[in-house]
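Contents: one structure, followed by commentary.
Just so you know, all these numbers are worked out from the coordinates, no wet-lab data involved. The shown structure was predicted, so the numbers you read here are calculated from the model rather than taken from an experiment. Here Cβ is always computed from backbone atoms with ideal geometry, including for glycine, and neighbour counts include all displayed protein chains.
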Amino acid sequence: MWDAIKYDADKYCCEHFLIDAYKHYTGIDISNKLLTSGFFSASNLRQFVPVIEPSQHTIVLFRDKGKAHVGLWIDGRVLHLEPQGVVWQPLDYIKRDFDRVVFYELSE
């Protein structure tokens, strides 16, 4: 389904993919909540509610010294965009490269 998606650091990164995947699976467009100044800004994160455990369509934010990455929880794994393309991986596999993982739900 996502085979044609190509990573481009300037034009289409993990955040852009999250917006597309979230809309595909939920029907909700979250681009106005993210693309204004990036998902990783404090003002944008206030539009989301942190949760302890992920459920279907939870946003997964990964952070580590100076880098951040985001994906979508789908069927017990994280769907996300990497330089080689879209991947669907177990959380533990992705956590190897990041110090912190936070789960977010869209606030009502």
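The figures follow:
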read-out	value
Extension gain from residue 52 to residue 4, taking 0.36 nm per residue of separation minus the Cα-Cα distance	14.0 nm
Qualifying lysines (Cα of each under 23 Å from Cα of residue 33; at least 8 residues distant if same chain)	6, 11, 23, 67
Given [x] 13.9; [y] 15.0; [z] 16.3, the label whose value is Kirkwood radius over Cα pairs in Å derived from this model	[x]
Estimated FRET transfer efficiency (residue 25, residue 84; beta-carbon r; R0 25 Å; 0.05)	0.70
Approximate spin-label separation residue 75-residue 99, in nm, with each point projected 7 Å along Cα-to-Cβ	3.5 nm
Ellipticity estimate at 222 nm from DSSP helix runs (n ≥ 4, -39,500 (n - 2.57)) divided over the chain, nearest 500	-5500 deg cm²/dmol
Within the chain, trypsin sites (Lys or Arg not before Pro) in DSSP loop having at most 14 other beta-carbon neighbours inside 10 Å	6, 11, 46, 65, 96
